[in-house]
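Down below is the structure, laid out as structure tokens.
The values are calculated or read from the model by the stated rules, or taken from the named source; none is laboratory data. Everything numeric in this text was worked out from a predicted model, so none of it was measured. Note: ideal-geometry Cβ built from the backbone for every residue, glycine included; neighbour counts use all protein chains shown. Note: areas computed on protein heavy atoms with side chains; ligands, DNA, RNA excluded. Shrake-Rupley method; radii C 1.70, N 1.55, O 1.52, S 1.80 Å.
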Amino acid sequence: MDKFIVNIIHRPEMVPEYAEKVTGHGKEENIGRKSLLTESLDIFKFQQETAHKNGLKTTIQMTYASLFNEEAISIAKEHHEKYGDEIALSLLGLPCEEFREKYKTKDFCIWMFSMEDKKSIVDDVFGKFHDIFGFYPESTGSYYMDAELVNYIKEKYPMVKCAVATCWEEGPKAYHTCNNSWYTLMDGGPWNPWIPSKQNIHAPAANEAEDSGIVAIPHLSRDLLACYDGNGSNFGTHPQNVLRGMIYDTKTWEFPYLYNLIDQYRDLEKYNNGYAYNMMFVGPGWLNKMGRWEAPYELLKKSYEDGMAYYGQLKKEGKLTDMTMAEFADYFRQKKTYTEPECALWRDILYGSDKQLFWYCDPYMRACINMNQGGAIVDLRPYAAKLKWEVGIGTPHVQDASYPFLIQEKYRAGYFTHYAGEGTVRSAKLTYNGEEVDLCLCRTHAKFSEEVIENGKKKRILTLEPVDIEFYDLTVKLQTRVIFTEGSSDIEMERTVLSMSNPDAVVDLNEYIVACYGTTEYPEDMTSLTLTCKGKGEEKKIDYAYKCREAEIEGADSVEAVIPPIETKVSMRTSDEKATGYIREGYAFSPMFTLGYKMTLKDKEVVSTWLKLEKAN
Amino acid sequence: MAQAGKGKLNFRCPSCFMRDLDIDMFYDKDKKEYYCMRCQYVGTEEDVLEKNEMVRFRYKDMYKRFTKFDFD
Ligand SMILES: [Zn+2]
């Protein structure tokens, strides 16, 4: 049942986000400029024509401004009839004279308005759409849609079944790239379509009660390695983003990277029951006649044509199914169970590093396992908490829509830190005769497999190639398996000693997680956290006060941390009953906490440690 | 000295691009050079284009077409 689906989306944006600012330079602001409107519509026509030429149907996301433009309306109607394009409604592209008149603001991102304004804008836009087309749209979207907004839309307009709801890892890194002037802070969400929960849009619903009623799709399909490290807007299924990243040959205007990216997304069907997905959504501002940065219009145009031609070719070869957003939502609902995770074993396709990551997303977590660091967890979002996190004016998070992390190797150092302190990571250290080796230093690769458990559920297993840990007079061959059990919020790390150069040797193993919480690069207040070490009839507790304290219990049942600001409890337990559990507080220069287990390991031994995420009220 | 404006294309600063910053440069028509407002980079169009080739050093696989995405 291999299926690679693409959603092609176009929006007639009468005042493209970039066009006014970038191409209108040297002129007084005037969003009603006739030339701007004409150019915007021309771009939309070009995009539609390019898709149709390649036999692809589109979803036309009408913008509020375009609902005042008769030509845009008639094109939408005509293309719906002729090509089966869906007429949908975007919450992007609000700015126009009518909007500014009514709302007296230059804000244009729906999630940043007050709840009152969100409702009023949605009613205006949906109402206007209905007046014109005689029906309500089934699909909508923006760069980000908060849960409260989606809940309102679903309640008022229940026919809506699909929405563009986030842009993968468009957060502090994108903000930084724009010299801190582009306020899309929305890290921590899924990279591929999901059924969002009513509580938090990033977190998939665990069951029907949590189901928001829509299928969410990401804005673009983004490089799961390059976007995590660098500017997200350079590495996605958006041909002009690839130009923005300068990932093209300036002489031949070729950019194999875009096709590698599409092909790697196609390859993800191996990890997702034969299903793979792509989304292309290029706003008109990217195809303007003045060119964009170093790229002249001809190159912008060529890149769009080439990208679309590649999808068209795949379709002709029977390797791609084009769908409208609403069609996709129906397909997705019929194939997806709530607990089925989205998995992606992803390799570097740009820098020549052979790095490999594994991304896992389900209703309880989003996790990234880094094979270049021995299978360490380098990013972890505790969806189990289904954190209520309202955004927009009048809430505590006017712009910050990210789902908080417990581990984030780029914002909280990870394994390597400067001189002092620790960074967030879930790894293990092996010690022998005073020498210590962290698995983060063991570069390797992994294979993916599945194991059926009960009720059609499965375990997803990452089996890492064994690594050699070399001490002065001992070599240990160790294999790690990382196991995700569907429907549970545990991550199991299993270590097997395959061989030891001295079969009688005993090494010490320290399984640990260093974590904190946050959404940005800056530290948060840790004083409300509590750390607990639980033994049989014994309990040791530390109330976080940056005092660098530590406690341990031999044979501990579990070690736990409760993080009230993100309503999360994280805990560890191990299969080795004799292992010593420990908790460690940080200090001001290292505002982290550590949970871990120390145990011994002999030749041929196998030991598992589970990390568990729960909601803490 | 007259005010600066946009050049032929709105080139970004190659030096800032290397640190993941997209900064449009402005063009000084008297000196025939682009300059960055954020950092101290100054250069002719020729120099900008040359430095843009240089920033691609990290894309070792930019010309490669992949057919395999796992290491099995
Ligand atoms: Zn600069």
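Express the relative contact order of the range A:158-214 as a whole percentage, based on alpha carbon pairs under 8 Å and six or more residues apart in sequence.
Relative CO of the range A:158-214 lands at 30 percent.
Pick out, from A:F235, A:N433, A:V125, the residue whose Cα sits farthest towards the positive end of the charge dipole of the protein assembly as shown, with +1 on the Cβ of Lys and Arg and -1 on the Cβ of Asp and Glu.
Final value for the positive-end residue is A:V125.
On alpha carbon coordinates alone, what is the Rg over Rh value for the range A:3-345, Rh being the Kirkwood radius?
In the range A:3-345, Rg relative to Rh is 0.93.
Looking only at trypsin sites (Lys or Arg not before Pro) in DSSP loops with at most 14 other Cβ atoms within 10 Å, what is the longest site-free stretch of chain B?
Answer from the scan: B:39-59.
I'd like the mean, over residues of A:460-470, of how many other protein chain beta carbons sit within 10 Å of each residue's own Cβ.
Across A:460-470, the average partner-chain Cβ count within 10 Å equals 0.
Note every residue of the range A:285-300 with a reduction of at least 40 square angstrom in accessible area, all protein chains present versus the isolated chain, computed with a 1.4 Å probe, or write none.
Residues meeting the cut-off: A:W293, A:E294.
Residues of the range A:3-345: accessible area per residue at 1.4 Å, in Å²?
31 Å²
Report in % the part of the accessible area of chain A that belongs to carbon and sulfur, leaving out ligands and nucleic acids; probe 1.4 Å.
That fraction is 48 percent.
Roughly to the nearest percent, how much of the accessible area of chain B is carbon and sulfur, given a 1.4 Å probe?
Carbon and sulfur together cover 54 percent of it.
Relative to the present Cα-Cα distance, how much length would full extension add between A:S353 and A:K45 at 0.36 nm per residue of separation?
The span from A:S353 to A:K45 would gain 106.8 nm if fully extended.
Could you work out the mean count of beta carbons from other protein chains within 10 Å of each residue's beta carbon in B:19-28?
The per-residue average across the peptide is 4.
Using the Kirkwood radius over C-alpha pairs as Rh, can you work out the diffusion coefficient of the protein assembly as shown via Stokes-Einstein at 20 °C, viscosity 1.002 mPa s, in µm² per second?
81 µm²/s
Using unit Cβ charges (K, R positive; D, E negative) and no other charged atoms, how large, in debye to the nearest 20, is the dipole of the range A:381-429 about its Cα centre?
220 debye
Please get the size of the charge dipole for the range A:282-441, origin at its Cα centre, with Cβ charges of +1 on Lys and Arg and -1 on Asp and Glu, quoted in debye to the nearest 20.
My answer is approximately 400 debye.
Going through the range A:330-427, which trypsin sites (Lys or Arg not before Pro) have at most 13 other Cβ atoms within 10 Å and a DSSP loop state?
Of the trypsin sites (Lys or Arg not before Pro), the ones in loops of the range A:330-427 whose Cβ has at most 13 other Cβ atoms within 10 Å are A:K388.
Out of the DSSP beta bridges found with both residues in the range A:3-345, what percent are antiparallel (nearest 5)?
Of the beta bridges lying entirely in the range A:3-345, close to 20 percent run antiparallel.
Could you work out how far helix B:45-54 tilts from the main Cα principal axis of chain B, as a 0 to 90 degree angle to the nearest 10?
Long axis of B:45-54 versus the principal axis of chain B: about 20 degrees.
Of all DSSP beta bridges located in the protein assembly as shown, what percent are antiparallel, nearest 5?
Here the share of antiparallel DSSP bridges comes out near 85 percent.
With a 1.4 Å probe and all protein chains left in place, how much accessible area per residue does chain B have, in Å²?
59 Å²
Take the cross-link list A:K3/A:K77; A:K198/A:K534; A:K355/B:K51 and give me the ones stretching past 32 Å between alpha-carbons.
Result: A:K198/A:K534 exceed 32 Å.
Just going by the charge dipole of the range A:3-345, with Lys and Arg at +1 and Asp and Glu at -1 on Cβ, which of A:A65, A:P190, A:L220 is farthest out on the positive end?
The one lying farthest along the dipole's positive direction is A:L220.
If the only charges are +1 at each Lys and Arg Cβ and -1 at each Asp and Glu Cβ, what is the size of the charge dipole of the protein assembly as shown around the Cα centre, to the nearest 20 debye?
780 debye
For A:E81 and A:D490, calculate 0.36 nm times their separation in residues minus their Cα-Cα distance, and state this gained length in nm to one decimal.
Extending this stretch completely gives an extra 142.3 nm.
Say R0 is 51 Å: what FRET efficiency, to the nearest 0.05, do A:Y103 and A:E450 get from their beta-carbon distance?
Once rounded, the FRET efficiency stands at 0.50.
For the charge dipole of the range A:102-216, defined by +1 on Lys and Arg C-beta atoms and -1 on Asp and Glu C-beta atoms about the Cα centroid, which residue among A:N151, A:H202, A:Y175 has the Cα displaced farthest towards the positive pole?
A:Y175
With r defined as the distance between the Cβ atoms of B:M37 and A:K128 and R0 fixed at 51 Å, what FRET efficiency is calculated, to the nearest 0.05?
E between B:M37 and A:K128, to the nearest 0.05, is 0.80.
Could you pull out the chymotrypsin sites (Phe, Trp or Tyr not before Pro) across the range A:470-509 that fall in loop regions by DSSP (anything but H, G, I, E, B) with no more than 11 other Cβ atoms inside 10 Å?
Answer by residue number: A:Y472.
Run the quick spin-label model on B:K29 and B:E45: label points 7 Å from Cα toward the beta carbon, then report their separation in nm to one decimal.
Spacing of the two 7 Å Cα→Cβ label points: 1.4 nm.
What FRET efficiency would be calculated for the residue pair A:S575, A:K457, taking the C-beta separation as r and a Förster radius of 22 Å, to the nearest 0.05?
It comes to 0.55.
Could you run the numbers on buried accessible area between A and B, total for both chains, 1.4 angstrom probe, in Å² to the nearest 100?
Using a 1.4 Å probe on protein heavy atoms, the buried area is about 3500 Å².
For A:339-352, what's the mean count of beta carbons from other chains sitting within 10 Å of each residue's beta carbon?
3
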